[in-house]
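Take a look at the structure set out below.
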Amino acid sequence: MARRFDKLLQFKIKLDDIHPPIWRRIQVPSSYSFWDLHVAIQDAMGWLDCHLHAFRIANPEHGEEEQIGIPADDSPGNGIEFLPGWDLPIEAYFSEPGDSAAYEYDFGDGWEHDIVLEQTIPREPKVKYPRCTAGARACPPEDCGGVPGYERLLEILADPEQEQHDEMSAWVGGVYDPERFDPAQVRFDNPQKRWETAFGPR
């Protein structure tokens, strides 16, 4: 059953260490959990949600950093326990404009994102949420080797004389335009269905 909400949290999400920046602006229900926010970030950015993730954010009560994601014996916790994202409401951590968190996707490639709460806004009638209202540039392809691999991939794709050009062009599906992004094309999955796909029925 969908949770009722009357306000939205608007976030700007920016991928670190890439220039020009790859970023998205999304509006999500205030009732969302960190798992729900994770699903919305994946869909807005264009990731495929096939790797582990973690939010790193200060606990508002004591100020110490917490890691929120999927608890697992083999997760790289760096001495910090992973808290289950589906149990924690984002509204308890994001309350004022400027509140921020780090979000890492794929601990191998290490895609680091900055997440900043821009504002809290009222829900508009007859509008479906979450929604992506703005952004720039295409998401890097999955498993391309993090920022260095992505930059090398762009060099290869831009130069037909490169030895690996044909191979990498085929690997990205024939056409990859790093400048292309249209927020109207973003489609958001149901976070509950995503959870059941990953873990089975509750």
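Residue selection: Asp189 fails the criterion of being of a type in the set (Asp, Glu) and either crowded, with 16+ Cβ neighbours inside 10 Å or over 15 Å from the mean Cα position of the chain (by Cα) (or both).
Results for (1) touching a Ser or Thr at 6+ places or on another chain (Cβ under 7 Å); (2) among the polar types (S, T, N, Q); (3) buried (at least 16 other Cβ atoms within 10 Å of the Cβ); (4) at pLDDT 95 or above, shown as yes or no for each residue.
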{"residue": "Phe5", "(1), (2), (3), (4)": "yes, no, no, no"}
{"residue": "Ser33", "(1), (2), (3), (4)": "no, yes, yes, yes"}
{"residue": "Leu37", "(1), (2), (3), (4)": "no, no, yes, yes"}
{"residue": "Gln42", "(1), (2), (3), (4)": "no, yes, yes, yes"}
{"residue": "Gln67", "(1), (2), (3), (4)": "no, yes, yes, yes"}
{"residue": "Ile70", "(1), (2), (3), (4)": "no, no, yes, no"}
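Within segment 106-150, restricting attention to residues that are touching a residue at least 24 places away in the same chain (Cβ under 8 Å) and of a type in the set (Asp, Glu), the residue that is farthest from Lys12 (Cα to Cα) is Asp143.
Out of everything in segment 7-31 that is open to solvent by 10 Å² or more (accessible area, probe 1.4 Å) and under 15 Å from the mean Cα position of the chain (by Cα), what residue ends up being farthest from Ile70 (Cα to Cα)? Among them, the one singled out is Pro21.
Name the one entry in Asp49, Asp106, Asp143 that is under 30 Å from Val172 (Cβ atoms) and in contact with a Leu (Cβ under 9 Å, 6 or more places away or on another chain). Criteria check complete, one pass: Asp106.
Taking the criterion of being touching a helix residue (DSSP H, G or I) at 6+ places or on another chain (Cβ under 8 Å), of a type outside the set (A, V, I, L, M) and closer than 19 Å to Met45 by Cα, the residues of segment 141-182 that qualify are Pro141, Cys144, Gly145, Tyr176, Pro178. For segment 78-85, check the following and say yes or no: at least one residue is assigned to a loop (DSSP other than H, G, I, E, B), more than 12 Å from the chain's Cα centre (by Cα), modelled with pLDDT under 95 and closer than 18 Å to Arg25 by Cβ. No; the residues of segment 78-85 include none that is assigned to a loop (DSSP other than H, G, I, E, B), more than 12 Å from the chain's Cα centre (by Cα), modelled with pLDDT under 95 and closer than 18 Å to Arg25 by Cβ. Of all residues in segment 156-173, none satisfies being under 25 Å from Ser100 (Cβ atoms) and open to solvent by less than 60 Å² (accessible area, probe 1.4 Å).
The values are calculated or read from the model by the stated rules, or taken from the named source; none is laboratory data. None of the values given here were measured: they were computed from a predicted structure. Using ideal geometry, Cβ is built from the backbone for each residue, glycine included, and neighbour counts are taken over all protein chains shown. Only protein heavy atoms, including side chains, enter the accessible area calculation; ligands, DNA and RNA are left aside. Shrake-Rupley method; radii C 1.70, N 1.55, O 1.52, S 1.80 Å.
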